[in-house]
1. So which residues in segment 41-57 are surrounded by 18 or more Cβ atoms within 10 Å (Cβ to Cβ), touching a residue at least 40 places away in the same chain (Cβ under 8 Å) and not β-branched (Val, Ile, Thr)?
2. Can you tell me how many residues within segment 156-176 are out of contact with any strand residue (DSSP E or B) (no Cβ under 6 Å at 6 or more places or on another chain), in a loop (DSSP other than H, G, I, E, B) and open to solvent by 20 Å² or more (accessible area, probe 1.4 Å)?
3. Please work out which one of (1) over 13 Å from the mean Cα position of the chain (by Cα); (2) in contact (Cβ under 8 Å) with a residue 60 or more places away in the chain; (3) at positive phi is the condition Gly195 fails and give its number.
4. Scanning segment 101-115 for residues that are in contact with a Phe, Trp or Tyr (Cβ under 8 Å, 6 or more places away or on another chain) and at pLDDT 95 or above, which turns out surrounded by the most Cβ atoms within 10 Å (Cβ to Cβ)?
5. For segment 69-78, state whether one or more residues are in a strand (DSSP E or B) and of a type in the set (Phe, Trp, Tyr).
6. Consider Lys179 against the criteria (1) assigned to a helix (DSSP H, G or I); (2) at pLDDT 95 or above: it satisfies all of them except one. Which criterion is unmet?
7. Determine the pairs where a residue that is within 19 Å of Glu67 (Cβ to Cβ) and at pLDDT 80 or above, located within segment 77-96, has a partner that is open to solvent by 20 Å² or more (accessible area, probe 1.4 Å) and of a type in the set (Asp, Glu) with Cβ atoms under 8 Å apart, the partner being 6 or more residues away or on another chain.
8. From the list Gln118, Gln145, which one is surrounded by fewer than 18 Cβ atoms within 10 Å (Cβ to Cβ) and over 23 Å from Ile24 (Cα atoms)?
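The values are calculated or read from the model by the stated rules, or taken from the named source; none is laboratory data. Just so we're clear, the structure is a prediction, and the values are computed from it rather than from any experiment. Every residue, glycine among them, receives a Cβ derived from its backbone with ideal geometry; neighbour counts consider all protein chains shown. Accessible surface is based on the protein model in full, side chains and every heavy atom, while ligands, DNA and RNA are left aside. Shrake-Rupley method; radii C 1.70, N 1.55, O 1.52, S 1.80 Å.
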Amino acid sequence: MSNPRNMDLYYQSYSQVGVMFASIPNFNDFYIELDGNNMGVECLRLLNEIIADFDELMDKEYYKDIEKIKTIGSTYMAAVGLVPTSGTKAKKSIYSHLSTLADFAIEMFDVLDEINYQSYNDFVLRVGINVGPVVAGVIGARRPQYDIWGNTVNVASRMDSTGVQGKIQVTEEVQRILKRCSYEFVCRGKVSVKGKGEMLTYFLEGKADGNNSQTRSLNLERKMYPYGRANIQTKLGTSCPSVSSAASFPVKAGAGQTSATHANQTLHYLPSVPAVKEA
């Protein structure tokens, strides 16, 4: 029998991959090992239901290009763009790929809301997204596992860990790409990221519908403004417009905010705050 250690290492490099980490930061507070809870089994049963519903969401045809990488505790890791592309094709595909990943992240909130409604819980989602080069491969002699590595993955994880509950935090590069695809952002400011120093980040607030008249929004009080799944299907799953297309978001700034209108969008700036340091 051949020695697995002597087998060729399988790996593939990709230049533009969208990476998402979605965590449920208050799940650890929910997990309790008690006799009445079957020593934590019931908590794990509910977590399994949540992860399985996220998997079922990914089974939709529109999300077929997204790859689930793994789950780490109550954190769900996925990526898009893990297909061989080159030259102009790769440059064009990242717009639609990132748009698909953003839509998936937005719809994850609705999946979790439905679980909360059915189980009388109050779990919250916190998401981080980044884009850039990664290396994908399979490692290990026993139970080999497919995974992705690189600075892009590390920063995506930091976008989650330094994020805000109920929000999708993205890097400046993600915002630059998605602003062409009818998405709205709030500039959070600079966040202190381990190994990277201070990074300018944005909150993905939602996506306008085809007429740019409504926005599928995300905020901490989002449960006060329910969005049914039938309604969200009319707003998500829309192809990203061509690179030459431009969308404008004439939204009035709220109290303590300023707004700046650009050719492609309106950015809303939160009140100035010190740089956020990672825990």
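1. Phe54
2. First pass over segment 156-176, keeping only residues out of contact with any strand residue (DSSP E or B) (no Cβ under 6 Å at 6 or more places or on another chain): 161, 164, 166, 176.
From what's left, in a loop (DSSP other than H, G, I, E, B): 164, 166.
After this cut, where a residue has to be open to solvent by 20 Å² or more (accessible area, probe 1.4 Å) as well, the list is 164.
Total meeting the criteria: 1.
3. Gly195 satisfies all of (1) over 13 Å from the mean Cα position of the chain (by Cα); (2) in contact (Cβ under 8 Å) with a residue 60 or more places away in the chain; (3) at positive phi except (2).
4. Here the residue is Ala102.
5. Step one: filter segment 69-78 for residues in a strand (DSSP E or B), giving 69-72, 75-78.
Those left that are additionally of a type in the set (Phe, Trp, Tyr): 76.
Yes, segment 69-78 contains a residue that is in a strand (DSSP E or B) and of a type in the set (Phe, Trp, Tyr).
6. Tallying (1) assigned to a helix (DSSP H, G or I); (2) at pLDDT 95 or above, Lys179 fails exactly one: (2).
7. Between residues of segment 77-96 that are within 19 Å of Glu67 (Cβ to Cβ) and at pLDDT 80 or above and residues that are open to solvent by 20 Å² or more (accessible area, probe 1.4 Å) and of a type in the set (Asp, Glu), the close pairs are Ala78/Glu67; Ala79/Glu67; Val80/Asp65; Val80/Glu67; Gly81/Asp65; Leu82/Glu67.
8. On the way: Gln118 fails: over 23 Å from Ile24 (Cα atoms).
None of the others qualify; the one that does is Gln145.
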